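Visitor: Sharing a structure, written as C-alpha cells. Questions coming.
The values are calculated or read from the model by the stated rules, or taken from the named source; none is laboratory data. Predicted model only: the values in this text are computed from it and were never measured. No Cβ is skipped: glycine too gets one built from the backbone with ideal geometry, and neighbour counts run over all protein chains shown. Just the protein is used for accessible areas: all its heavy atoms, side chains included, with ligands, DNA and RNA removed. Shrake-Rupley method; radii C 1.70, N 1.55, O 1.52, S 1.80 Å.
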Amino acid sequence: MDAVHHLSIDIETYSDVDIGKAGLYKYAQSPAFQILLIAYSLDGGPVEVIDLASGGMSSCIPLWLINALKDPAYIKHAYNAAFEWYCLCRHFRWNPEKEGAAFLRQWRCTMLHGLYCGYTAGLDATGKALGLPQDKQKLATGKALIKYFCIPCAPSKTNGGRTRNLPHHDPGKWELFKAYNAQDVVTEMEIEHRLSRFPVPEEVQAQWVTDQIINLRGVAVDRAMVEGALDLDAAVRQEYLQEAMRLSGLDNPNSVAQLTAWLQEETGEEVADLRKTTVSDLLGKDLSSESARRMLEIRQELGKTSNKKYNALEAAVCADGRVRGLLQFYGANRTGRWAGRIVQPQNLPRTYIDGDLLPMARQLVESRQRGALQVIFGSVPDTLSQLIRTAFTASPGHTLVDADFSAIEARVIAWLAGEEWVLDVFRTHGKIYEATASQMFNIPLERIKKGSPEYSYRQKGKVATLALGYQGGTGSLVSMGALRNGLTEEELPDIVDRWRNANPNIVNFWYTVDAAAREAVNTGRCIGLWDGRLAFARESDPDNDLDFLTIRLPSGRKLYYAKPHMGVNRFGQPSLGYWGMNQKTKKWERLETYGGKLVENITQAVARDCLAEAIDRLEAAGYPVVFHIHDEVVIDAGPDKADLDDVIRIMSQVPSWAGGLPLNADGWVNDFFKKD
C-alpha cells in the first residue's frame, strides 16, 4: 500500500556497553540500556522532542506515536535506521525476531540512501559533502554531549563518585542535548530531500531488510575456545616481551621508534619501518647479529594483530552465545558490497593447518595445553591466528554449510567483456590458471600439470589472472606477490604483455568503458554498451546542486560518482575525476578514475549483485544465512537442511539479467567455520 505518512526519527540512548567494541545488539541488550530522547517529525512538520530521562509529563510517548511505529501506513525514516529499529524494539519489548521483515519493511535508512548515491556513512560528513546550509547541518557539540550523557563516567570527588551523568547534573547541557537530538532529524530530512530524485531501488531496499534479519540472527561463538585463546595469547606475549627486553635492553621493545633505532645499530641495515613485509624481508637477509634476528622473530610473533579479533569476539558476544551485527550493508559504497564489522569477517586470517588436525588444535586451545600446541603446531600466536575463524560455530544440533562462488570476478569480467575463451574454460574444466598460462605461452593445456616442467607456468597464469584484470601493470603483479612466489622482476613486463595479448576483449573493455564514461560526462548523453547491458549517463538535479556520473549495471542497480568532471592526472593527461571519500586520508575530496578502475567497480558490483540474489534465494528456500564474506555464504542449517548439493545448486542459478554468465560454487559442511 502507498504510504500515507512519513515519520522521521532520531533517538539518543544510554548503555553501559561500549557500542564501538560490542556492536548494537549487545549494547541494546544490556539491562542498563535506556532511550533518553526521541526526536521526530511527522510529514516534514516541526520537530518534537520527547524527554524520557527527566521524568514528568514530557516523558510520556503519545499513544498515536506508539501505534504509528508499527503501522505500515507510516513509513519510518532514520539515519542508520537499524539502530532506531532495534532500540525501539528493545524499549517497547517488541520481539524483533517475531516481527521480522514485516516491521522492517516499514523503515527507510537515510544512511543507505547516501551510500547508494556515492556519499559516505557519517551523518555529519554526508551533510557537509552535500553542501547543506549551516542551519541544516548536524551540531558540532554532539560528541561531547554524547560522552557526557550516553556512556558511564568515571567516579571522582568532583562528581560525588557517580558513574553516570543524568539531566539534573547539568540542566544546561541537557537542553543543548535535546536541541542536538532535534537537529539530527532536521539534517536527516534535508539529506533525504536532497537525494529524493535518486531513490534507492526497491530490490536494494529489500536486500537491506534481509541484511538486518541476518545481522539479528547472528552466529554462535565457541566461547570456551575464545577464552582459552585469550589466556594463551596473553601468557605467550608476556614471555616474548620479557625475552625482548633482555635481548635489547629496551624499556619498551613494542615501541617502533626504540626498536627501529636498536635494529639499525645492531645490524647496520636501513630499517625504515617495522611493517610485516619489512620484518619478513629483513629475516630473509644474512644478518650478522643473532640477537637482531631473534628480535625480528619476536616482532613477527607479536605482530599477529589478527589475534585481537579474539578480544573483539569476547566483547561482542551476546548472553545467548551469539555475536550479531557482523555485516554493514552497502559498506563499500563504490560497489555496494558489504563491509565487515566488529571482527571484520571479510578480513579473517587464512588457515593452513590440515583440516583433519583442526579439531585437535581447537581442543588444545580450549584446554590451554600450550606445550602440546607448540610441539604439534609450532608458533602459538600463529596457530591462534589461524584458528580465529573456527571460533564461529553451528548452533547446537545444527551444522554450518558453506558455499562460495568459484572465481567469480574472473567469470564476471569475461562475461562483461565477451572474452569467450575464458567463458569456455569456466563452462568446461574450469582450470583458469592453467588455461591462462596456456594462452599466454602457447603451451598445450594438458602439459601444464603437476610433475611436468611446464607446471611452473601455472604460477604465472595465476598471478596474472589475479593481478591484471583491471588494467594493472608490473606494480600490480608485485602487489599480488609475484616476487614472493618465485617470479623475477625482469620477467614481469613480459607477463603483462602476454596476458593482455591473450585477453584482447578485456583490454578493449577498459578503454571502451573509459571512453563511454568520458562521453557521458562531456556531453550528458546516455551511452549504452553491449546491447544495454551497461549504461553510462550524467544525471543531475540542479535545484539541489547534485550532479552524478551513473553506471547502470545489468541488474538495474546504479553506481554513482558525485560531481564528475574532466581534469589532468599526474602524467599530464586528461583524466576523469569525481568527488568521494579518500580511503587513505578519510576526507571528502577529488578522486581520479580511469577505465580499469571503473571496470573493477563494475565487475565487483555485478559479483555483489549475484551474491545478493543468491542470498535471497537461499533464505526463501529455508537456508538461514548467518554471515557472508565477499562471495561466500555461511548457513546455520538444521539436521534436515544440511544439503550442500542443494545450496550449491541455488548458488549456481544464473540471475535473469545475467544470461550466459557461467556461475559455479563449491563448499563444505562442518561444525565450525573454516577455509576449505
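Visitor: Can you tell which of Asp497, Asp531 is part of a loop (DSSP other than H, G, I, E, B) and farther than 23 Å from Tyr578 by Cα?
Guide: Details: Asp497 fails: part of a loop (DSSP other than H, G, I, E, B).
Selected residue: Asp531, the only one of Asp497, Asp531 that is part of a loop (DSSP other than H, G, I, E, B) and farther than 23 Å from Tyr578 by Cα.
Visitor: Shifting gears a bit: Test Asp16 against the stated conditions and say whether it is open to solvent by 20 Å² or more (accessible area, probe 1.4 Å) and more than 20 Å from Ile61 (Cα to Cα).
Guide: Details: open to solvent by 20 Å² or more (accessible area, probe 1.4 Å): yes; more than 20 Å from Ile61 (Cα to Cα): yes.
Taking the combined requirement at face value, the residue satisfies it.
For (1) modelled with pLDDT of 95 or more; (2) among the hydroxyl-bearing types (Ser, Thr, Tyr); (3) in contact with a strand residue (DSSP E or B) (Cβ under 7 Å, 6 or more places away or on another chain), each residue gets a yes or a no:
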site	(1), (2), (3)
Gly321	yes, no, yes
Thr351	no, yes, no
Asp354	no, no, no
Pro359	yes, no, no
Arg411	yes, no, no
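Visitor: List, please: which pairs have Cβ atoms under 8 Å, are six or more places apart or on different chains, and start with a residue in segment 367-378 that is in contact (Cβ under 8 Å) with a residue 24 or more places away in the chain and end with one that is of a type in the set (S, T, N, Q) and in a helix (DSSP H, G or I)?
Guide: Sorted first by the residue in segment 367-378, then by its partner, the pairs are Leu373/Thr383; Phe377/Thr383.
One line per residue, one yes/no per condition, for (1) open to solvent by less than 40 Å² (accessible area, probe 1.4 Å); (2) farther than 16 Å from Ile214 by Cβ:
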position	(1), (2)
Tyr561	yes, yes
His565	no, yes
Asn569	yes, yes
Gly572	no, yes
Met581	no, yes
Asn601	yes, yes
Glu613	no, no
Leu618	yes, no
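Visitor: If you check Gly596 against the conditions, is it at pLDDT 95 or above, farther than 20 Å from Ala129 by Cα and not in a loop (DSSP other than H, G, I, E, B)? Step through it out loud before you land on a result.
Guide: Numbers: at pLDDT 95 or above: yes; farther than 20 Å from Ala129 by Cα: yes; not in a loop (DSSP other than H, G, I, E, B): yes.
Yes, satisfied.
Visitor: Read through the list (1) open to solvent by 30 Å² or more (accessible area, probe 1.4 Å); (2) of a type in the set (Val, Ile, Thr); (3) in contact (Cβ under 8 Å) with a residue 60 or more places away in the chain, then give the number of the only condition that Val422 fails.
Guide: Failing condition for Val422: (1).
Visitor: Residues Glu539, Glu491: which one is in contact with a Ser or Thr (Cβ under 7 Å, 6 or more places away or on another chain) and among the acidic types (Asp, Glu)?
Guide: Numbers: Glu491 fails: in contact with a Ser or Thr (Cβ under 7 Å, 6 or more places away or on another chain).
Selected residue: Glu539, the only one of Glu539, Glu491 that is in contact with a Ser or Thr (Cβ under 7 Å, 6 or more places away or on another chain) and among the acidic types (Asp, Glu).
Each row is one residue, and each column tells you yes or no for (1) open to solvent by less than 70 Å² (accessible area, probe 1.4 Å); (2) among the charged types (D, E, K, R); (3) modelled with pLDDT under 95.
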{"site": "Lys460", "(1), (2), (3)": "yes, yes, yes"}
{"site": "Leu477", "(1), (2), (3)": "yes, no, yes"}
{"site": "Arg484", "(1), (2), (3)": "no, yes, yes"}
{"site": "Tyr511", "(1), (2), (3)": "no, no, no"}
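Visitor: Report, by residue number, each residue of segment 27-57 that is more than 17 Å from Ala81 (Cα to Cα), in contact (Cβ under 8 Å) with a residue 60 or more places away in the chain and part of a helix (DSSP H, G or I).
Guide: Gln29
Visitor: Still on this model: Can you tell me how many residues within segment 627-662 are among the hydrophobic types (A, V, I, L, M, F, W, C), open to solvent by less than 20 Å² (accessible area, probe 1.4 Å) and assigned to a loop (DSSP other than H, G, I, E, B)?
Guide: Within segment 627-662, residues that are among the hydrophobic types (A, V, I, L, M, F, W, C), open to solvent by less than 20 Å² (accessible area, probe 1.4 Å) and assigned to a loop (DSSP other than H, G, I, E, B) number 2.
Visitor: Hey, another quick one. Suppose we keep only residues that are in contact (Cβ under 8 Å) with a residue 40 or more places away in the chain and under 19 Å from the mean Cα position of the chain (by Cα) within segment 567-596. Which one would you say is nearest to Phe536 (Cα to Cα)?
Guide: Among those that are in contact (Cβ under 8 Å) with a residue 40 or more places away in the chain and under 19 Å from the mean Cα position of the chain (by Cα), it is Gly580.
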